[in-house]
Amino acid sequence: MTLSLLFEQLLNGLQLGTMLFLMASGLTLVFGVMGLINLAHGSFYMVGAFVTAWTAGTTGSFWVGLGAGILAAAAVGAVVELLVIRRLYHRQHLDQVLATFALILIFSEGTRWLFGSSPLWLNVPEALSGAVALPGGSRYPVFRLVIIAVGVLVAVALFLLISRTRLGMRIRAGESDREMIGALGIDIAKLYTLVFALGAALAGLAGSMIGALQSVQVGMGEPVLILAFVVIVIGGIGSIKGALIGSLLVGLVDTLGRVFLPSLFKLFMTPAEASGVGAALASMLIYVLMAIILAFKPKGLFAAND
Amino acid sequence: MTRLHKGALDKTPGATPVPMPRIQRETWVNWALLGLLLLAPMIANALGEVYYVNLATRIAIVTMAAVGLNLAIGYGGMISFGHAAFFGLGGYVAGISAFHAFDMTPVLSWPITMPGTDNLLVIWLVAMLSCAVLALVIGAISLRTSGVYFIMITLAFAQMIYYFAVSWPTYGGEDGLPIYLRNQFPGLDTNDPLTFFLICFAALVLALAITARLMQSRFGAALTMARLNETRLATAGIAPYPIRLVAFVISAVITGLAGALFADLNGFVGASMLSWHRSGEIMVIVILGGVGRLYGPLSGAMLFVLMETLLGGLTEYWLLFLGLILLFVVLFARGGVMGLLAGRARHE
Amino acid sequence: MKKLTAVGLGLLMSTGLASFQAQADEVKIGMITTLSGGGSHLGVDIRDGFQLALEQSGRDDIELLIKDDARKPDVAKNLADEFIQRDKVDILTGIVWSNLAMAVVPSVVRQGVFYLSPNAGPSDLAGRLCHENYFNVAWQNNNLHEAMGAYMQQQGLKKPFILAPNYPAGTDALEGFKSRYHGGELAGEIYTQLGQTDYAAEIAQIRASDADSVFFFLPGGMGIAFTKQFHGSGVELPLFGPAFSFDEIILGAVGEAAIGVVNTSQWAYDLDNPTNQAFVESFREAYGRTPTLYASQGFDTANLILSALETAHPDDADAFREALRAADFESTRGEFRFGKNHHPIQDIYVRTVVAGDNGQPTNRLVGVAVEDMQDVFVDECRM
């Protein structure tokens, strides 16, 4: 393995990590502020991707589609919060799991009803297609670099939002003491709707961007949702910092595991066998990582509050 | 045959009279549900409608899986999102054993030679032991965490096993493993749908009886206390961790046995028995029926399986309506089906 | 609960009556297929192709019952029980996926019901577990991969890089490819995770290798993602694969990234025979889209059943089986016959993806990869 290939794989891990961060930050924010487990978070990712694909297909512009996708995800998030989620804040985690599991079914089949069974077309915009040269002679897709940049921007913006703004102050207050912010005369209901819509918008953003790289189809949110949960549990639920570190950790471990495990087994197995065994272990790797971390740090790396 | 289910019924829990009107009503509902599950397939069998016998068997098995999970969630407060691991392991024990019995090859040749078998008693024993060992490992690590972390770490373990099963070629991987001939119970014809139903029904009743006895014992009191107030339990000189671990293991064993039966009912075991959707489904049944109610899983499974069957025939968008119904139940019918039928539970 | 009981009893009684009313000469076909969730466009096309053939036959003594398996093996098994035990169907068909077929087919055929597979062809059902009541009207799973191995050898490609998901169909694909490709040395062999949607790490490995071509089997969304990402990566190697990643619906989702890809299929919509031309035209008219290979398989399955019904009713199992075995129908893919394990012996074609009239990518027939292809498991079948 050459140095330039290693560098490229590290970039790939970083890119997977930033994509996961867009999903995980919303999930962890919602948990931190409202104490809610939201299995339907992957549905907002799907809504973002579908609306982007549909709008881009109709108008011919990816950027219009991207805007529409984010707005639609935020709007759907707000509506879901008003109709369903706000009845769940005072319930047990168990009720939240069931209700949001039901929302997954409703969103998946509702999307299929609206858009049909076939996967939709969505491509990287013309301006960002193609690849740039990396040091060492390798080439890397521009769009993936853009995803990394967007992830970094969102991370910075979230930190500023939470540490510097009025809204951020309220969010921090909500995280540390849910009763107190009511006493401070803050309209909790409005705050909760806003935070939930923000989380949904971030998921929608991730869905729109990733949809251009992958396949826009019903059920696309579920694998990402599970990964995002792994991330926030590793990082410590409710902690944005934990979500960031967890995302990068999962992104890097998953990518490098997929690359290096098969090579490792090739030292003492036939290529076909090594590839099979290596791939099997690589697919289990992030769950092993999570189990190890939780065995030693039962509240994740940067526990906020539980 | 009559001997079998009569013996089983004698052990039925909930019959102990408790001097509270609410509990009386719950007892009646429990008996009615159990009676319905027993009688409906008998009538169907008499009418020659085998399909409904198998449907009832399915309900009995799914109920049993949920009875296991209910012990962890409802009584122990351990929200496991990974019980599909045990359900699937039980299924794979039945499938692998039958596979080797059919091929006449040993399951293990080292360190001891272990032949395959189609004897259900042996299979059940091995399935329960395997699940106990797995649950001991998973529980020992997972129970160090709590709350959402527990939910997610149990899910993580189940996902590990799922990916292992998908990519392990010996027993079919994602294609799964067919069981050509249903495994045999000494002296009974398991291929007869009604006989197989009665076996599953007896196993279910036994699982209910064990759960009921367990919860009436000192162990059950300690488990309840561990859920409600850990500190008070500790002041009584009892550590909550071993209590929870034992309950988790028993819960896994019950779900695992259900998995073994499920594999035999379908004549098939596959990685889908291990998927996180399956964990979710078992959990949905527990919540739908009423968490921490002995017969909650039965009412939940009846409603879930019937909805699945009836809605599936009406529209290809049936999952949408299933979602809407589930949402309605959790938002407006708290306490699940049992809450509706038998009023609220004692300690709420 | 009382209501539920009443519903239950009502159902019991109504079906009891229904089975008395069933006419003796009517033929009942049960279709279990995937109509919901991811990957449902395959099931929808099989169903639409099948129904089109039934409509065109003009027969009113065939009852088709259709149910959705949601891609879950136990749901499919339960539906099979329902169709056989309650509805008393004569013929079952429709299953899309190998793992569902393995859950359903072995027990169904043993109960004396005919099963005709319009899509899945796992190796066990072609070999060890073959059965007189099981007919595969599509292909054995390995066929298209084997044909591509042969074709890439013919094309003089020396260093292919091959990849597939790590599950039985994936290992079968790579093994099938290797069994017919002896034209050089593999540049690399990768198993990816089932359901994986990001292939950056794999593409980087392909780039770093000295491959001269890429063969991949990544069905459904996995293939869409891979093709798009490969196109955007700047790696310029020719792509080869089985038709599963390049049906007309998937091409619509991949877009121009798919142009230039070469794929093997037992059917193409521009295949020049009158049955096929009529089929493609009528399918477009009825449903407003170009049929996929799945639609053609559904259509052929229905026509095979119709041809056998001309000779015998399924109640006369031996005669009906003989009629199926004869495969005396006009298939959309040209000449078609069964081997002794009831799997097809047929030509496998090569198609390439080109920009169509409206700029949308579409398949063009190039030629034949392998003539009269038969699966390799036929000798394991004791029938």
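For chain C, the longest principal axis of the Cα atoms and the long axis of helix C:168-180 meet at an angle of about 60 degrees. In the range A:172-306, Cα pairs under 8 Å separated by at least six residues give a relative contact order of 26 percent.
Might you tell me the accessible area per residue for the range B:20-342, computed with a 1.4 Å probe and given in Å²? Walk me through the numbers before you get to the answer.
On the way: 11140 Å² over 323 residues.
Per-residue accessible area for the range B:20-342 comes out at 34 Å².
Between the helical axis of C:293-311 and the dominant principal axis of chain C, each derived from Cα atoms, what acute angle in degrees is found, rounded to the nearest 10? Around 40 degrees separate the two axes.
Enumerate the amide H contacts of residue C:369 below 5 Å, restricted to partners 5 or more residues apart or on another chain; note that Pro and chain-start residues carry no placed amide H. Under 5 Å from the amide H of residue C:369: C:348, C:349, C:350.
Between chain C and chain A, roughly 2900 Å² of accessible surface gets buried, counting both sides and using a 1.4 Å probe. Here the Karplus relation 6.51 cos²θ - 1.76 cosθ + 1.60, evaluated at θ = phi - 60°, turns the backbone of the range C:320-337 into coupling constants of 5, 4, 4, 5, 5, 4, 5, 6, 8, 9, 8, 8, 6, 10, x, 5, 8, 8 Hz, with x for every Gly and Pro. Each of residue B:114 and residue C:335 was given a label point 7 Å from its Cα along the Cα-to-Cβ line. The distance between the two points is 5.3 nm.
Accessible surface for chain C, divided over its residues, is 33 Å² per residue with a 1.4 Å probe. For chain A, the longest principal axis of the alpha carbon atoms and the long axis of helix A:3-34 meet at an angle near 10°.
In the neighborhood of residue A:189, defined by Cβ-to-Cβ distances under 11 Å, what is the net charge if each Lys or Arg adds +1 and each Asp or Glu adds -1? Net local charge, residue A:189 excluded: 0. Principal axis extents of the C-alpha atoms in the protein assembly as shown (largest first, rounded to whole Å): 82, 74, 58. Computed 3J(HN,Hα) for the range C:148-156, one whole-Hz value per residue from the Karplus formula 6.51 cos²θ - 1.76 cosθ + 1.60 where θ = phi - 60°, is 5, x, 4, 5, 5, 5, 4, 6, x, glycine and proline marked x.
Given the protein assembly as shown, what percent of its DSSP beta bridges are antiparallel, to the nearest 5? Antiparallel: roughly 45 percent of the beta bridges in the protein assembly as shown. Each peptide in B:237-246, A:245-254 was scored by the mean count of other Cβ atoms within 10 Å over its residues; highest first, the order is A:245-254, B:237-246. Considering only alpha-carbon pairs that sit under 8 angstrom and 6 or more positions apart, the relative contact order computed for the range C:310-355 is 20 percent. The residues packed around residue B:175, meaning those with a beta-carbon under 11 Å from its beta-carbon, carry a net charge of -3 if Lys and Arg are +1 and Asp and Glu are -1. Here the Debye sum runs over all C-alpha atoms of chain C as equal scatterers in vacuum, and log10 of I(q)/I(0) at q = 0.06, 0.08, 0.10 Å⁻¹ comes out as -0.24, -0.42, -0.64. When B and C come together, around 3600 square angstrom of accessible surface is lost from both chains combined, probe 1.4 Å. Once every Cα of chain A carries one equal point scatterer and solvent is ignored, give the base-10 log of I(q)/I(0) from the Debye formula at q = 0.09, 0.11, 0.16 Å⁻¹, two decimals. So the normalised log intensities are -0.47, -0.70, -1.37.
For chain C, the relative contact order works out to 17 percent when only alpha carbon pairs closer than 8 Å and six or more residues apart are counted. Under the simplified labelling scheme, the residue C:352-residue C:56 pair shows an inter-label distance of 3.0 nm, with each label point 7 Å from Cα along Cα→Cβ. Of the residues B:276, B:297, B:198, the one whose Cα sits farthest towards the positive end of the charge dipole of the range B:20-342 is B:297 (charges of +1 on Lys and Arg Cβ, -1 on Asp and Glu Cβ, taken about the Cα centre). Summarising the label geometry, the points placed 7 Å from Cα in the beta-carbon direction at residue A:3 and residue A:270 lie 3.8 nm from one another. Under 5 Å from the amide H of residue C:338 lie the amide H atoms of C:345, each residue being 5 or more positions distant or on a separate chain, with H modelled from the backbone and absent for Pro and chain starts. As an exercise, use a Förster radius of 45 Å and the Cβ-Cβ distance of residue B:25 and residue A:176 to find the FRET efficiency, rounded to the nearest 0.05. Efficiency at R0 = 45 Å is approximately 0.50.
Any idea what the dipole of chain B comes to, in debye rounded to 20, about its Cα centre with Lys/Arg Cβ at +1 and Asp/Glu Cβ at -1?
Working: 18 positive and 15 negative charges, 295 e Å.
With Lys and Arg at +1 and Asp and Glu at -1, about 1420 debye.
Using R0 = 25 Å, the C-beta based FRET efficiency linking residue C:317 and residue B:47 works out to 0.45.
Computed from the C-beta positions of residue C:278 and residue A:59 and an R0 of 45 Å, the FRET efficiency is 0.75 to the nearest 0.05.
Give me the extension gain from residue B:314 to residue B:121: residue separation times 0.36 nm, minus the current Cα-Cα distance, reported in nm with one decimal.
Working: separation 193, 0.36 × 193 = 69.48 nm, distance 3.98 nm.
Here the segment from residue B:314 to residue B:121 would lengthen by 65.5 nm.
For residue B:269, the amide hydrogen comes within under 5 Å of the amide hydrogens of B:177, B:179, counting only partners 5 or more places away or on other chains and with H modelled in the peptide plane.
Given the -39500 (n - 2.57) contribution per DSSP H run of 4+ residues, what per-residue ellipticity at 222 nm results for chain C, rounded to the nearest 500 deg cm²/dmol? Intermediate results must be reported in sequence, preceding the final value.
On the way: 13 runs with 160 residues, N = 383.
About -13000 deg cm²/dmol.
Computed from backbone phi with θ = phi - 60° and the Karplus coefficients 6.51, -1.76 and 1.60, the 3J(HN,Hα) list for the range A:230-237 is 4, 4, 6, 6, 4, x, x, 5 Hz; x is used for glycine and proline. Protein heavy-atom surface of chain B, 1.4 angstrom probe: 68% of the accessible area is carbon and sulfur, with nucleic acids and ligands not counted.
The values are calculated or read from the model by the stated rules, or taken from the named source; none is laboratory data. Bear in mind the structure is a predicted one, so any value in this text is a computation, not a measurement. Neighbour counts are summed over all protein chains in view; Cβ atoms, including those assigned to glycine, are modelled from backbone coordinates with ideal geometry. Side chains included, ligands, DNA and RNA excluded: accessible areas come from the protein's heavy atoms. Shrake-Rupley method; radii C 1.70, N 1.55, O 1.52, S 1.80 Å.
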